[in-house]
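Heads up, the thing below is written out as structure tokens.
The values are calculated or read from the model by the stated rules, or taken from the named source; none is laboratory data. Source: prediction; values computed, not measured. Please note: Cβ atoms are built from the backbone with ideal geometry, for glycine as well, and neighbour counts cover all protein chains shown.
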Amino acid sequence: MDYGLTQEQQILRTAAREFLEAECPTSLVREVEGSSAGHSPDLWRKIAGLGWLGISLPERYGGTGGSLTDQTVLFEEIGRALTPGPLLVSSVLAAHIVLNAGSDRQKDSLLPGIISGDLVLTLARGEKLETASADGGLTLSGESPFVPHSGLADRIICATRPAIGAWPDTTLVIVDSQDERMTKTPMESIANYPQYLLEFDDVTISGDSVLGVIAEGQWALDLAVQRATVIQCAETLGRAQKVLEMVVEYANNRVAFGRPIGTFQAVQHRCADLRVAVDGGRMLTYQAAWKLDQGLLAGDEVSMAKAQTGSMSRMATEAGHSIFAGISFTVEHDMQLYSARAKIAESNLGDTGYHLDRLAI
């Protein structure tokens, strides 16, 4: 297997980096972090205009029909630039749940809007979400914490279990984010990451709002989660790679005791260890992406990539804060932007411990 990028992927990487360096500087990241939305509408429109929101979605819906590997290349650059907004949850996770489970009518209704950026979706899958039969459809009750970007989302996909009975599987339903029987409570989070506690009080779900077949949605959810996990790994890789470049540059220029600190063996070891971890994480991430692109089973490969990139992310945080030293703990320094988002990404879609446990089964 060749992990080298194609010419088109190299062009994509270069173009994405140049665009994000110009349009998403850390000053914008700080501005968005200070807002309640956690989102830049202007940047979102530009990203949508580049076709990034539909890079791996079929052309018939307005996408570009690219592969998961193409999307992995792109999201490395998105992670490197700390790009804010619901890119992962809407254009990857929710979009592929719709693509996997939705009817032709649902795909035609939702996917073009996701690709154009006019429609934002998120996913709620709390263990306390329950559906019950009702006249002409279902009712949804319960709560789901830590739902990202639901204050911004137009629709919310809910992964539910039966309240009564023995349905063997998950039911996927779509809820309008403005439904008056649903309440959203902002949850405190590191880096002001926008996530909410959603509470549902017998929300009526029509048959048209069920994605796929009742009690047969787990496979569609699992496939989308696998894909999103690989993309989360790619984002984490991009951030760690940028931290590595930052600390190497600093170590080569920061003078202490009459010489650059990069000449000290302890600093060299930290940089070298991080380089090895980044390379290992990249190999595992692209291996998982390739297997999914080929339609092969990739559960173990996805877990290996997520476990490795989670450990790598912690290593990048430790290296950054130890080499930059005290100044990196101030809000004025960029390092804290990277370490805060590393903490969010590590826990998203299963942390290192969760995926190591999966591999041990």
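Key figures
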| item | result |
| --- | --- |
| When residues of the stretch 225-269 are limited to those that are surrounded by fewer than 19 Cβ atoms within 10 Å (Cβ to Cβ) and of a type in the set (D, E, K, R), the one farthest from VAL92 (Cα to Cα) | ARG259 |
| Residues of the stretch 289-302 classified as under 11 Å from VAL230 (Cβ atoms) and either outside any helix (DSSP H, G or I) or free of Cβ contacts under 8 Å to residues at least 60 places away in the same chain (or both), total | 3 |
| Some residue of the stretch 315-322 being surrounded by fewer than 21 Cβ atoms within 10 Å (Cβ to Cβ), more than 20 Å from GLU77 (Cα to Cα) and at pLDDT below 95 | no |
| Output for the stretch 102-123, where each listed residue is farther than 13 Å from LEU211 by Cβ and under 18 Å from the mean Cα position of the chain (by Cα) | ILE114, ILE115, GLY117, LEU119, VAL120, THR122 |
| Qualifying positions in the stretch 107-121 - of a type in the set (D, E, K, R) and under 22 Å from GLY151 (Cβ atoms) | ASP118 |
| Scan of the stretch 284-298 for residues that are surrounded by 14 or more Cβ atoms within 10 Å (Cβ to Cβ) and of a type outside the set (Val, Ile, Thr), ordered by number | LEU284, TYR286, GLN287, ALA288, ALA289, TRP290, LYS291, LEU292, ASP293, ALA298 |
| Condition met for ALA240 (of a type outside the set (Phe, Trp, Tyr), in the same structural domain as GLN287 (by TED's automatic domain parsing), in contact with a helix residue (DSSP H, G or I) (Cβ under 9 Å, 6 or more places away or on another chain) and touching a residue at least 60 places away in the same chain (Cβ under 8 Å)) | yes |
| Which numbered condition MET335 fails, given (1) modelled with pLDDT under 95; (2) within 17 Å of ARG80 (Cβ to Cβ) | (1) |
| Subset of the stretch 19-56 [in a loop (DSSP other than H, G, I, E, B), among the aliphatic types (A, V, I, L, M) and surrounded by fewer than 18 Cβ atoms within 10 Å (Cβ to Cβ)] | ALA37, LEU50 |
| Residue in the stretch 1-9 that is assigned to a loop (DSSP other than H, G, I, E, B) and at pLDDT 95 or above present | no |
| Matching residues, the stretch 73-90, being of a type outside the set (Phe, Trp, Tyr) and under 26 Å from CYS158 (Cα atoms) | THR83, PRO84, GLY85, PRO86, LEU87, LEU88, VAL89, SER90 |
| Any hit, the stretch 174-189, residues being in a loop (DSSP other than H, G, I, E, B) and surrounded by 20 or more Cβ atoms within 10 Å (Cβ to Cβ) | no |
| Filter pass, ARG155 being at pLDDT 95 or above, of a type in the set (Lys, Arg) and under 21 Å from PRO186 (Cβ atoms) | yes |
| Sole residue being touching an Asp or Glu at 6+ places or on another chain (Cβ under 6 Å), in a helix (DSSP H, G or I) and at negative phi, chosen from ALA234, ALA240, ALA251 | ALA234 |
| Where GLY117 falls short, out of the listed (1) surrounded by 24 or more Cβ atoms within 10 Å (Cβ to Cβ); (2) farther than 17 Å from GLU216 by Cβ | (1) |
| Count - residues of the stretch 120-137 that are of a type outside the set (Ser, Thr, Tyr), crowded, with 16+ Cβ neighbours inside 10 Å and either assigned to a strand (DSSP E or B) or touching a strand residue (DSSP E or B) at 6+ places or on another chain (Cβ under 6 Å) (or both) | 8 |
| Any hit, the stretch 306-328, residues being touching a Cys at 6+ places or on another chain (Cβ under 7 Å), of a type in the set (Val, Ile, Thr) and not assigned by TED's automatic domain parsing to the domain that holds PRO84 | yes |
| Criterion violated by ASP169 - all others in (1) in contact with a Lys or Arg (Cβ under 7 Å, 6 or more places away or on another chain); (2) in a loop (DSSP other than H, G, I, E, B); (3) surrounded by fewer than 20 Cβ atoms within 10 Å (Cβ to Cβ); (4) not basic (Lys, Arg) satisfied | (1) |
| Residue in the stretch 341-353 that is within 22 Å of ASP70 (Cα to Cα), in a helix (DSSP H, G or I) and touching a Lys or Arg at 6+ places or on another chain (Cβ under 6 Å) present | no |
